[in-house]
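Note sheet for the following structure.
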Amino acid sequence: MTEINLTYNKKELPTRYTRLGVLLLAIGLVFGIVAFITDQNRAVFNYLIAYSFMISIGLGSLFLIALEYIVGAVWSVPIRRIVEFFAATIPFLAILVIPLLFNMHELFHWSHEEAVAGDEILEGKAPYLNVPFFIIRVFVLIGIWSLFYFFFIRNSKKQDTTKDQNLTKLNIKLSAVFIPVFAISITITAIDWLMSIEPHWFSTIFGVYFFSGTVIASLAAVTLATVLLKENGYLHPSITNDHLYSLGGLMFAFINFWAYIAFSQFMLIWYADLPEESFWFLQKWNGNWAVFSILLIIIHFVVPYAALLAHPAKKNPKRLKFIAVWLLFAHLFDLFWLVMPESNQLSEGYSFSWIDLVFPIAIVGVLMLIFKMKAKKENLLPIGDPKLKRGLEFHL
Amino acid sequence: MAEKKIFGITALFKDPDSIISAAKKTSLSGYTKWDVNTPYPIHGMDNAMNIKPSKLGFVTLICGLSGTTIALLLMWWTMSVDYPMVIGGKPFFSLPAFIPVTFELTVILATASTVAIMFAFFFGLPENSHPLHDTDYMKKVSRDHYGVVIEADDPKFNETVVKDFLKSLNPVSIDVIYYPEKETYPIFEPKFLGVLAATAIIVSLGTYLTLNSLMYIEPFNWMMNQDKIIPQSKSEYFADERGMRMPVEGTVARGFIPYPYLGELIPTEVLLNPSISTKAILELGERKFLTYCSPCHGDFGDGDSRLRGQFQNPPTLHSDRARNFSDGMIYHIMTNGQNIMPSYSSQVSREERWAIVNYIRVLQRAKNANEHDVEFAKNINIE
């Protein structure tokens, strides 16, 4: 067996990535501000989608890091840095959330005191759904995630120079604490941002639903970055299609998981047909939203399922690149489907507006800039990790 | 003794790396009938052996899709064609409700038939004694060695060439494996079958006895068996063992008043009318007369039936004979029946029958009114 060369020469990503990122972000910013001025309501709802998408990428990536440590995965060690770069989104959430907090009244029906008064359901939920407690929750959660992110990354980075195996053990312990915290915090996040825009509705599986989409989005982002970096020769040559197969397999698994959860949520509500629950789905069947609901099944499940079903498909870089972009779009579409029908001006059906296109552009720009910034500072390979050699040797 | 037939030549290796390189070299050398035996799956072996992706996946796909189709067709036929039922106001063919069953059938058909077809076609079972079984080679590759075997069926097989080739791979040892002289089927030996049968009998008997006598506990049956006598049940307490006792002589069911002249055509004695002709009683009598009597006797008792000749018309109730009947006699006719008129005791209650008697009296008086009655009617205030 050929000996694996563990010496690592850092290769800088070209500066045109930065330029492209800045350009996209600038376009997003300028048009975003115009959007906020011309149509505040629509802009806020679109911004919420973008913000939730950023949570998905950042938090999902942090979950993938913790998952690698806690299950002792070997194959993912050589590409862990890519996941870490995406997880770097988390501290920025504290800044990104601010425009939403200033526009809470556009977004949340329950934030209007006159609307809550006299509404029995909202009065009952008021001890949880009130503006001060909401803001506290948002920042406490971002703080907790940032803290975990900081510790995970600090240990991982330190290992590059010290090659200390105990740092891996430390991160395993950290993962064991993080995963329950993650489970609770992502449920709270899903309820706060996505479920409470329709405060009369409730679904206990909703947190899991958001979680399944989150993992798909972050896996797709990691896969896309891995394939692109590998194609351009920035990754270690020992990272083969077998590594990609694991990513493809995970994506396939979570596509099924998402479909399972989404269908579980739908079928129970559909079968019981209680007005207090079913109105939420009826809202998503109103006018041409029905087309979106059907498209969601096709985009988020049928197409990626068929595309990833076969064994060779999961290790084909071209197929994976396509499906990763597709899944990122699918998650955006999922969030769009969750959020937009709740906007008062679109409750009767969808009508196109340029505002819907602005924020996804900004998302791509922000993610590119964060990734580039981290890639400039850190190694693309966790050279001190004790599992690295076995990870590079990984074969199916 | 006949010449032994060679099955193949084996080579043993000490570590996974050398088996990978041996597999690579063997596949490059052009042999087609060869295999690798290792104690556990080795990553990268498929590539080293140059094995093409298995076709088994297509079997799974086809079987899974047929599971989907069968499930949907079954539910479509049973739920919307053969025996449509409204369940929870949903349409007869309501896809969301069918998805769980479809999913289950897809999964079970895909997995079960994959395993079955894998055994039947891909593994070539049933093959009960492979020549490699019970060899020293097989014992070693099940423990801590890694082996390559090149079979004699290979078109390029030549004993010395293969031996030289395997030697060039630097193995620990090389062995020639022969077919057994006589095909033996150890599973058909009487001793083995006897042990099998004995085991089956002992296990089933043991299980039966343990569960039915040793460990038997009556399951909780929601107090369905209670120590009391219920209708139709047996009881040891009484000499005749009947749980239900005969009632005392002369016992009457509640609400039942016996009628002593039942079955007599012309009773010598009849009951006296216990009811008084109040307005309410007469209205009740009218209603019951119109319901039960008027179809044959006519609305006013003239014997003009609505039966259109299906039965003989009854005589009029205004004849001298009928007018001279006592109240008890009319009651008796209703209760007992007369000529082709059946008994009405089961349709019309006792009080209602007496009310009808009173109403018939009213009809009779109205149909046969004299001047005195006309004067009387003028004097009373009719609302």
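Summary of computed values
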| quantity | calculated |
| --- | --- |
| Residues being over 22 Å from residue B:136 (Cβ atoms), more than 9 Å from every other protein chain (Cβ to nearest Cβ) and open to solvent by 80 Å² or more (accessible area, probe 1.4 Å) - total across the stretch B:31-58 | 7 |
| Residue count for the stretch B:354-383, restricted to those that are open to solvent by less than 70 Å² (accessible area, probe 1.4 Å) and free of Cβ contacts under 8 Å to residues at least 40 places away in the same chain | 3 |
| Residue check, residue B:67 surrounded by 12 or more Cβ atoms within 10 Å (Cβ to Cβ), over 29 Å from residue B:155 (Cα atoms) and within 13 Å of another protein chain (Cβ to nearest Cβ) | no |
| Within the stretch A:164-209, tally of residues that are in contact with a Pro (Cβ under 8 Å, 6 or more places away or on another chain) and either open to solvent by 70 Å² or more (accessible area, probe 1.4 Å) or farther than 30 Å from residue A:388 by Cβ (or both) | 1 |
| Single match in A:341, A:360, A:386 (criterion: buried (at least 21 other Cβ atoms within 10 Å of the Cβ), over 13 Å from residue A:221 (Cβ atoms) and more than 14 Å from chain B (Cβ to nearest Cβ)) | A:341 |
| Qualifying residue in the stretch A:84-95 (condition: in a helix (DSSP H, G or I), over 26 Å from residue A:333 (Cβ atoms) and acidic (Asp, Glu)) | yes |
| Residue A:266 being assigned to a helix (DSSP H, G or I), within 14 Å of chain B (Cβ to nearest Cβ) and of a type outside the set (D, E, K, R) | yes |
| Residues being more than 22 Å from residue B:340 (Cα to Cα) and surrounded by 13 or more Cβ atoms within 10 Å (Cβ to Cβ) - total across the stretch B:261-298 | 10 |
| Odd one out for residue B:104, checked against (1) open to solvent by 40 Å² or more (accessible area, probe 1.4 Å); (2) more than 12 Å from chain A (Cβ to nearest Cβ); (3) within 27 Å of residue A:315 (Cα to Cα); (4) of a type outside the set (Gly, Ala, Ser) | (3) |
| Selection within the stretch B:314-343 - under 12 Å from residue B:263 (Cα atoms) and of a type in the set (Val, Ile, Thr) | B:333, B:335 |
| Some residue of the stretch A:271-288 being farther than 25 Å from residue B:88 by Cβ and of a type outside the set (D, E, K, R) | yes |
| Residue match in the stretch A:316-323 (condition: open to solvent by less than 50 Å² (accessible area, probe 1.4 Å), farther than 21 Å from residue A:396 by Cβ, out of contact with any helix residue (DSSP H, G or I) (no Cβ under 7 Å at 6 or more places or on another chain) and modelled with pLDDT of 90 or more) | no |
| Wholly enclosed helices (runs of 4 or more DSSP H) of the stretch B:231-337 bearing at least 1 residues closer than 26 Å to residue B:363 by Cβ, in contact (Cβ under 8 Å) with a residue 12 or more places away in the chain and of a type in the set (Lys, Arg) | B:279-288, B:320-324 |
| Criterion: more than 23 Å from residue A:243 (Cα to Cα), open to solvent by less than 50 Å² (accessible area, probe 1.4 Å) and free of Cβ contacts under 8 Å to residues at least 24 places away in the same chain - qualifying residue of B:27, B:18 | B:27 |
| Meets criteria (under 30 Å from residue B:62 (Cβ atoms), open to solvent by less than 20 Å² (accessible area, probe 1.4 Å) and within 14 Å of another protein chain (Cβ to nearest Cβ)) for residue A:313 | yes |
| Matching entry among A:69, A:51, A:47 (being part of a helix (DSSP H, G or I), of a type in the set (Ser, Thr, Tyr), touching a residue at least 60 places away in the same chain (Cβ under 8 Å) and open to solvent by 10 Å² or more (accessible area, probe 1.4 Å)) | A:47 |
| Matching residues, the stretch A:96-129, being of a type outside the set (Gly, Ala, Ser) and assigned to a loop (DSSP other than H, G, I, E, B) | A:97, A:103, A:108, A:112, A:119, A:127, A:128, A:129 |
| Matching option when the condition is in the same structural domain as residue B:39 (by TED's automatic domain parsing), hydrophobic (A, V, I, L, M, F, W, C) and not in a helix (DSSP H, G or I), among B:92, B:119, B:98 | B:92 |
| Members of the stretch A:278-306 that are within 14 Å of chain B (Cβ to nearest Cβ) and open to solvent by less than 50 Å² (accessible area, probe 1.4 Å) | A:278, A:281, A:293 |
| Residue match in the stretch B:119-132 (condition: in contact with a strand residue (DSSP E or B) (Cβ under 8 Å, 6 or more places away or on another chain), under 30 Å from residue B:48 (Cβ atoms) and surrounded by 11 or more Cβ atoms within 10 Å (Cβ to Cβ)) | yes |
| First in the stretch A:28-39 and farther than 12 Å from residue A:365 by Cβ, second anywhere and open to solvent by less than 60 Å² (accessible area, probe 1.4 Å) and not in a helix (DSSP H, G or I), Cβ under 9 Å, 6 or more apart | A:35/A:353; A:36/A:103; A:39/A:353 |
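The values are calculated or read from the model by the stated rules, or taken from the named source; none is laboratory data. The model shown is predicted, which means the values in this text are computed figures rather than measured ones. As a convention, Cβ positions derive from the backbone with ideal geometry for all residues, glycine included, and neighbour counts pool all protein chains shown. Just so you know, the surface numbers come from the protein's heavy atoms only, side chains and all, with ligands and any DNA or RNA stripped out. Shrake-Rupley method; radii C 1.70, N 1.55, O 1.52, S 1.80 Å.
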